[in-house]
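Chemist: Pasting in a structure now, in structure tokens, and then I'll have a few things to ask.
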Amino acid sequence: MSKALIDIIKQKFPADVLESHSQRGDDTVVVYAARWKDIARFLKDDPRADMSMLIDLTAVDYPERTPRFEVVAHLYSLSKGHRLRLKARVGDQAGTSVEIDSVADLWASANWAERECWDMFGVRFKGHPDLRRILLYPEFEGHPLRKDYPADRIQPLVPYREVPNVDKVAPFRADEGMSFGRQTFASGPSTDDDDVN
Amino acid sequence: MEPIDQELDPAEIELPAEPMLLNVGPAHPAMHGTVRIVMELSGESIERCDVQVGYLHRGFEKMCERGTWTQVFPYVDRCNYVSPMLNNVGFALACEKMLGITVPERCQWYRMALGELARMSDHLTCDGAMAMELGAFTPFLWMIKGREMIWDLMEEETGARLTHSFGRVGGMAHPPTAGFKENAKAVTTHILGIIEEVERLLLGNRIFLDRLEGVGVVSAEDAISLGWTGPCLRACGVAYDVRKSHPYLRYDEVEFEVPVGQAGDSFDRFMVRIAELKQSASIVRQCIERMADTGPVNVTDPRVILPPKEEVYSTIEGTIQHFKIVMEGLKLPAGEVYAYSEGGNGEMGFYLVSDGSGTPYRLRIRPPCFYVTGGLERVITGAMMADVVPSFGSLNMIGGECDR
């Protein structure tokens, strides 16, 4: 059924479909990264496709290929019940300028999915409202799911973050705050009941 | 008591006008998992918020790229650790789709029965924890007692309470035990009793209803756009269930309904899970009724499945077969596949890329929780501070699955 879907895309964007296949029943279309968003929008809005859900968005790293990364989106139509895998190839060998358009304004699920993809692969989504790391912390160096990221690499320790407008952050000095232990030590700011001890 | 100062000029009272920044989590007793929510409060209502996940990130997908396909099973156990059997079966189905094989009928019924029991444990935990977070401790204990029965059954079947690692590509690690049918029947009967009691205790409770009804409302359009699946989507009135829409195993041969809600609020999410518990119990009954007592559980393809131990120790073919599968890993043909099944929280997808060697080239797990938690910001913005707990509880975020 959705073989017809591949034909619809080929018909609409004859120059932009790089290849297509239906390996093991999964219909797949590889498109030019420059038309990624246009084709995604078409698939969402066209009544024949009606891709109401972006089920998943991720990437695959092929270090020996150029372009190096494959961005993979799995689309699903609730009304029609068909699926499509949409792929685009992006990125240079060094992996420094990997860019593709964000589809976060088409499907809200793309917001977090693209953040994770940026976090794990370093794929920059142009036009994403809030492209921060999501699973890892801001000081993390590198993108761990790239094939050239060694699995046993150790990350540097992160110093306490500077928080603006807050004059002190934990840990407090020993005489500050409430101690959770029994306060039996003699020294301290108050010496009134020293003789009791 | 001090006398009330009646001459007080209200203008003299100084209240801070700027919004207050409140940080909840990542380890908070009222929270359902390790998640941090930074909220900007104006009075008690949430003006803006930022949901931060990732505290349980263990590099699951990277680890999978270092072993064989079979060695992935223990990892998927630790994704959704409340219903690990569903992950096991889901991953086995993905590999089998890649290989183009189907497991024998007895195994399919067995997988379904175990999977539905795991789903029951998932829903019991979620609904029980939700009630507990609202102060109703008794139903929580009852439901955890029910979950304990399921885990005892699982222990009987698999040898492990929680992290079973029981699925195999092309079958299961062991055939069902002799007492499986009896035990499963007893467990489902017990749990149906527990659900009835919980319903009697909670559904007439004004406080419980007031805390849930009309709270954390999500429209169907929003839920679809956010990529929600599972009970959370069905609570919004969208009857999408992978088991019904795209039946796998033998789900097209059993009778069950897909319960849907209407309002899309926390109460509907609670009730959808309660209704699904009953449906799952009925599916378990049908599965054990139709599962044969004898017959093969695993496929016979020697490239896929380990030979019986007596053959490994007595024949050279068996030894070689065992060696090849353990040392090199079973070889999935080069290519890619996306296989999906209904997990505890929605569509559990596995996107496998194989280069033909025994090691996964890329293994992406589509966690239903991740997308559901992605919608939390939209659910609680504009709500009251106290509504965060029931709303978040009803989404059933499982840290292990969300952060992988």
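Chemist: Kindly provide the set of residues from the stretch B:48-97 that are free of Cβ contacts under 8 Å to residues at least 60 places away in the same chain and either in contact with a Leu (Cβ under 7 Å, 6 or more places away or on another chain) or assigned to a helix (DSSP H, G or I) (or both), ordered by number.
Modeler: Passing the criteria: B:LYS62, B:MET63, B:TYR75.
Rundown of residues vs (1) in a helix (DSSP H, G or I); (2) under 25 Å from B:TYR110 (Cα atoms); (3) away from chain A (no Cβ under 11 Å), yes/no style:
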{"position": "B:GLN321", "(1), (2), (3)": "yes, no, yes"}
{"position": "B:LYS324", "(1), (2), (3)": "yes, no, yes"}
{"position": "B:GLY349", "(1), (2), (3)": "no, yes, no"}
{"position": "B:GLY356", "(1), (2), (3)": "no, no, yes"}
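Chemist: Still on this structure, I have one more. Would you please name the residue that is farthest from the chain's Cα centre (by Cα), looking only at residues in the stretch B:290-325 that are among the hydrophobic types (A, V, I, L, M, F, W, C) and surrounded by 14 or more Cβ atoms within 10 Å (Cβ to Cβ)?
Modeler: B:VAL312
Chemist: A further question follows. Within the stretch B:371-403, track down each residue that is within 19 Å of A:ALA110 (Cα to Cα), under 13 Å from the mean Cα position of the chain (by Cα) and either in a loop (DSSP other than H, G, I, E, B) or at pLDDT below 85 (or both).
Modeler: The one that is within 19 Å of A:ALA110 (Cα to Cα), under 13 Å from the mean Cα position of the chain (by Cα) and either in a loop (DSSP other than H, G, I, E, B) or at pLDDT below 85 (or both): B:MET397.
Chemist: May I pose another question? Among what's in the stretch B:210-244 and is in contact with a Ser or Thr (Cβ under 7 Å, 6 or more places away or on another chain), farther than 22 Å from B:LEU93 by Cα and β-branched (Val, Ile, Thr), pick the residue that is nearest to the other protein chains (Cβ to nearest Cβ).
Modeler: Going through the qualifying residues, I end up with B:ILE224.
Chemist: Follow-up question, since we're still on this one. Please determine whether any residue of the stretch B:109-132 is of a type outside the set (Phe, Trp, Tyr) and assigned to a loop (DSSP other than H, G, I, E, B).
Modeler: First pass over the stretch B:109-132, keeping only residues of a type outside the set (Phe, Trp, Tyr): B:111-132.
Filter once more, keeping what is assigned to a loop (DSSP other than H, G, I, E, B): none.
Within the stretch B:109-132, none of the residues are of a type outside the set (Phe, Trp, Tyr) and assigned to a loop (DSSP other than H, G, I, E, B).
Chemist: Related question: Would it be correct to say that B:GLU65 is among the charged types (D, E, K, R), out of contact with any Asp or Glu (no Cβ under 9 Å at 6 or more places or on another chain) and modelled with pLDDT of 85 or more? Don't jump to the end; show me each part of the working.
Modeler: Working: among the charged types (D, E, K, R): yes; out of contact with any Asp or Glu (no Cβ under 9 Å at 6 or more places or on another chain): yes; modelled with pLDDT of 85 or more: yes.
Yes, satisfied.
Chemist: Within the stretch B:86-96, is even one residue touching a His at 6+ places or on another chain (Cβ under 9 Å) and under 22 Å from B:GLY349 (Cα atoms)?
Modeler: Scanning the stretch B:86-96, I find at least one residue that is touching a His at 6+ places or on another chain (Cβ under 9 Å) and under 22 Å from B:GLY349 (Cα atoms), so the answer is yes.
Conditions tested, residue by residue: (1) of a type outside the set (Asp, Glu); (2) surrounded by fewer than 20 Cβ atoms within 10 Å (Cβ to Cβ); (3) over 24 Å from B:GLU401 (Cα atoms).
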{"position": "B:ILE101", "(1), (2), (3)": "yes, yes, yes"}
{"position": "B:CYS107", "(1), (2), (3)": "yes, no, yes"}
{"position": "B:ALA136", "(1), (2), (3)": "yes, yes, yes"}
{"position": "B:GLY146", "(1), (2), (3)": "yes, no, no"}
{"position": "B:LEU153", "(1), (2), (3)": "yes, no, no"}
{"position": "B:LEU162", "(1), (2), (3)": "yes, yes, no"}
{"position": "B:SER165", "(1), (2), (3)": "yes, no, no"}
{"position": "B:PRO176", "(1), (2), (3)": "yes, no, yes"}
{"position": "B:GLU199", "(1), (2), (3)": "no, yes, yes"}
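Chemist: Sticking with this structure for a sec: Residues in the stretch B:326-342 that are part of a loop (DSSP other than H, G, I, E, B) and within 13 Å of chain A (Cβ to nearest Cβ): how many? Show your work before the answer.
Modeler: Residues of the stretch B:326-342 part of a loop (DSSP other than H, G, I, E, B): B:329-334.
Subsequent filtering for residues that are within 13 Å of chain A (Cβ to nearest Cβ) retains B:332-334.
Final tally of qualifying residues: 3.
Chemist: Are any residues in the stretch A:85-130 more than 21 Å from B:PRO368 (Cα to Cα), among the hydrophobic types (A, V, I, L, M, F, W, C) and within 14 Å of chain B (Cβ to nearest Cβ), and if so, which ones?
Modeler: Of everything in the stretch A:85-130, just one residue is more than 21 Å from B:PRO368 (Cα to Cα), among the hydrophobic types (A, V, I, L, M, F, W, C) and within 14 Å of chain B (Cβ to nearest Cβ), namely A:VAL123.
Chemist: Among the candidates A:ASP26, A:ASP16, which residue alone is more than 9 Å from chain B (Cβ to nearest Cβ) and either touching an Asp or Glu at 6+ places or on another chain (Cβ under 6 Å) or charged (D, E, K, R) (or both)?
Modeler: The unique qualifying residue is A:ASP16.
Chemist: Continuing with the same structure: Taking A:VAL29 as the residue in question, decide whether it is assigned to a strand (DSSP E or B) and in contact with a helix residue (DSSP H, G or I) (Cβ under 6 Å, 6 or more places away or on another chain).
Modeler: On the way: assigned to a strand (DSSP E or B): yes; in contact with a helix residue (DSSP H, G or I) (Cβ under 6 Å, 6 or more places away or on another chain): yes.
Yes.
The values are calculated or read from the model by the stated rules, or taken from the named source; none is laboratory data. Please read all numbers here as calculations on a predicted model, not as lab measurements. Every residue, glycine as well, gets a Cβ built from its backbone with ideal geometry; the counts of neighbours run over all protein chains shown.
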